[in-house]
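> Structure below; questions to follow.
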Amino acid sequence: MAETNVAAMTELTPESPDRNAVGNQIALDVELDADGNWFINTGKEILVLDNVDTVPRTLTIQTPLLIDGDLAAGEREITLADGQQFVIGPFPVGIYSEDHSEGKIVVFTTDGKTTNEITGAVIKCP
């Protein structure tokens, strides 16, 4: 399988919240790109999403897992209602991650036409 070209995609850098901080908040300020998004996956990451659009939007997470070497696992689709926030993860490395020169990565797309319809963040759990 050819390596996914992530050059034109939006990278989400996993954030590690400080457990000792009072009022610790993670900003959902990364605008997801309809052309693709990705993050490094160690199996401890959680994706937090916010559909800021006025219509439902669908997120599709690629699953590069092959069963018996040739049977592709289906992609994971999540529909977010307008204004809905959603949390998904963690992502088992053997199912959701593809080998990439950047490391093990999770790749996903949205059905939006612009980059400001779904915002999000990746949180790395301890």
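The values are calculated or read from the model by the stated rules, or taken from the named source; none is laboratory data. All values derive from a computational prediction rather than experimental measurement. With ideal geometry, Cβ positions are generated from the backbone for all residues, glycine too; neighbour counts draw on all protein chains shown.
> Take the range 67-101 and flag every residue that is closer than 18 Å to residue 40 by Cα and among the hydroxyl-bearing types (Ser, Thr, Tyr).
Selection gives 96, 97, 101.
> Next up: Of the numbered conditions (1) modelled with pLDDT under 90; (2) within 24 Å of residue 29 (Cα to Cα); (3) in contact with a helix residue (DSSP H, G or I) (Cβ under 9 Å, 6 or more places away or on another chain), residue 73 satisfies every one except a single condition; which is it?
For residue 73, the failing item is (2).
> Now a separate question. Does any residue of the range 29-41 turn out to be assigned to a strand (DSSP E or B), closer than 19 Å to residue 126 by Cα and of a type in the set (A, V, I, L, M)?
At the first step, the residues of the range 29-41 found to be assigned to a strand (DSSP E or B) are 30-31, 37-40.
After this cut, where a residue has to be closer than 19 Å to residue 126 by Cα as well, the list is 39-40.
If we keep only those that are of a type in the set (A, V, I, L, M) too, we end up with 40.
Among the residues of the range 29-41, at least one is assigned to a strand (DSSP E or B), closer than 19 Å to residue 126 by Cα and of a type in the set (A, V, I, L, M), which makes the answer yes.
> Suppose we filter 36, 83 for residues that are within 11 Å of the chain's Cα centre (by Cα) and at positive phi; which single one remains?
Working: 83 fails: within 11 Å of the chain's Cα centre (by Cα).
So the residue among 36, 83 that is within 11 Å of the chain's Cα centre (by Cα) and at positive phi is 36.
> Here's something else I'd like to know. Find all pairs meeting these conditions: Cβ atoms under 7 angstrom apart; at least six residues apart or on different chains; first residue within the range 1-20 and within 22 Å of residue 109 (Cβ to Cβ); second residue of a type in the set (S, T, N, Q).
What qualifies is 3/101; 9/37; 10/37; 12/37.
> Taking residue 52 as meeting all but one of (1) among the β-branched types (Val, Ile, Thr); (2) surrounded by 15 or more Cβ atoms within 10 Å (Cβ to Cβ); (3) over 17 Å from residue 111 (Cα atoms), write down the number of the exception.
Answer for residue 52: the failing condition is (3).
> Given the conditions (1) part of a loop (DSSP other than H, G, I, E, B); (2) charged (D, E, K, R); (3) under 17 Å from residue 66 (Cα atoms), which single one is not true for residue 82?
Unmet for residue 82, out of (1) part of a loop (DSSP other than H, G, I, E, B); (2) charged (D, E, K, R); (3) under 17 Å from residue 66 (Cα atoms): (3).
> So is residue 80 free of Cβ contacts under 8 Å to residues at least 60 places away in the same chain, among the hydrophobic types (A, V, I, L, M, F, W, C) and either closer than 15 Å to residue 10 by Cβ or crowded, with 18+ Cβ neighbours inside 10 Å (or both) or not?
On the way: free of Cβ contacts under 8 Å to residues at least 60 places away in the same chain: yes; among the hydrophobic types (A, V, I, L, M, F, W, C): yes; either closer than 15 Å to residue 10 by Cβ or crowded, with 18+ Cβ neighbours inside 10 Å (or both): yes.
Considered against the rule, which asks whether it is free of Cβ contacts under 8 Å to residues at least 60 places away in the same chain, among the hydrophobic types (A, V, I, L, M, F, W, C) and either closer than 15 Å to residue 10 by Cβ or crowded, with 18+ Cβ neighbours inside 10 Å (or both), residue 80 comes out as yes.
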